[in-house]
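A short worksheet on the structure shown next.
The values are calculated or read from the model by the stated rules, or taken from the named source; none is laboratory data. Fair warning: this is a prediction, and the values are worked out from it, not measured in the lab. So basically every Cβ, Gly included, is an ideal-geometry build from the backbone, and we count neighbours across all protein chains shown.
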Amino acid sequence: MTKVEYKHTEIAVKKKLGQNFLTDRNIIRKIIRSADLKPGDRVVEIGPGFGALTGEIATICPDFTAIEKDPALAEFIRNEFPSVNLIEHDVLKVNLEQIADDRKIKVIGNIPYSITSPILFKLLEHRHCIQSETLMMQQEVALRLAARPATKEYGILAVQLQTFCEVTYLFKVGKQVFRPKPEVDSAVVSIVPRQVALDRYQKEYSTLVRRAFQQRRKTLNNNLKKEYDLSGVTDIDLHRRAESLEISEFETLFSQVKAFR
Ligand code: SAM
């Protein structure tokens, strides 16, 4: 069992909670600078751990909200940063709308790698109350999020996120700056939700995107013809593969298909 000690608090590292703690001050400051926090911002930190980012956030926005599932770490944050509103809970179950209140939130975090995708999709669902997200995750996922068409990384995750948000890959973080050292490198990504015409149809759009990528090597026609009436699709060549479509072309495709009832 790996143990980590910091300021007289020792914990047995819980792998399933993705506990790899950041130890490099320069990287910490770089993440905080990227988040562009201003006094008065409503900030939410996911997984403060031993407070690597928490301390820096608190110097700009002393009374922000942090969500931590591990009781020992939650206790640590309550003691070390009394001005922080600590929610001891699973981030996937927290009501972000309630925290946002009347102001949109800036989300920041070195997020637990085991639940990266569920967190990204939760934040996508709640994008209407989010101003920006500055998130560290496995580099491989970061590359998939920000991928361009016709690359092997481009797929469901990229299309879903990039349709509703501005996604920017910011920088790589090597595994040597964490304790314990993870098996893979990380990267920081900026995600900024934006207004799009098909905002109300996110669920239906998401289903279409999943189906379009169902078998990557098949054409759009072959992946979609069973579930959709494609007779109205005039502006997209259905002999193409999903991986070749720009985001704007997915939006066009969605507006021209008719779902079977
Ligand atoms: N922010 C700290 C840092 O950068 O050193 C810790 C980052 S560590 C990668 C992820 C943190 O998220 C851990 O503190 C872990 O206990 C916490 N965590 C894991 N699953 C969680 C969940 N479902 N809800 C809230 N926090 C969670």
(message) I'm checking my understanding of the structure. Among residues of the range 1-35 that are among the hydrophobic types (A, V, I, L, M, F, W, C) and under 21 Å from PRO71 (Cα atoms), which one is modelled with the lowest pLDDT?
(response) MET1
(message) Here are the criteria: (1) exposed (fewer than 13 other Cβ atoms within 10 Å of the Cβ); (2) assigned by the TED database to the domain that holds MET136. Tell me which single one SER248 does not satisfy.
(response) (2)
(message) Out of ALA100, ALA35, ALA66, ALA72, I need the residue that is under 30 Å from LEU157 (Cβ atoms) and surrounded by fewer than 21 Cβ atoms within 10 Å (Cβ to Cβ). Which one?
(response) ALA100
(request) May I ask you to verify whether GLU45 is touching a helix residue (DSSP H, G or I) at 6+ places or on another chain (Cβ under 8 Å), surrounded by fewer than 17 Cβ atoms within 10 Å (Cβ to Cβ) and closer than 25 Å to GLU125 by Cβ? (result) no
(message) Condition check: more than 18 Å from the chain's Cα centre (by Cα) and among the hydroxyl-bearing types (Ser, Thr, Tyr). Does THR23 satisfy that?
(response) yes
(message) Looking at the range 126-137, I want the residues that are farther than 14 Å from ILE32 by Cβ and in contact (Cβ under 8 Å) with a residue 24 or more places away in the chain and have a partner that is outside any strand (DSSP E or B) and not aliphatic (A, V, I, L, M) with Cβ atoms under 7 Å, at least 6 apart or on another chain. Which pairs are those?
(response) HIS126/GLU97; ARG127/PHE164; CYS129/GLU97; CYS129/LYS104; ILE130/LYS104; GLN131/LYS104; MET137/TYR113; MET137/THR116
(message) Looking at the range 144-155, I want the residues that are among the hydroxyl-bearing types (Ser, Thr, Tyr) and have a partner that is assigned to a loop (DSSP other than H, G, I, E, B) with Cβ atoms under 8 Å, at least 6 apart or on another chain. Which pairs are those?
(response) TYR154/ALA147; TYR154/ARG148
(message) Taking the criterion of being touching a residue at least 12 places away in the same chain (Cβ under 8 Å), of a type in the set (Phe, Trp, Tyr), touching a Gly at 6+ places or on another chain (Cβ under 6 Å) and farther than 30 Å from VAL4 by Cα, would at least one residue in the range 200-213 satisfy it?
(response) yes
(request) From (1) under 19 Å from the mean Cα position of the chain (by Cα); (2) over 22 Å from ILE115 (Cβ atoms); (3) not aliphatic (A, V, I, L, M), pick out the condition that doesn't hold for TYR6. (result) (1)
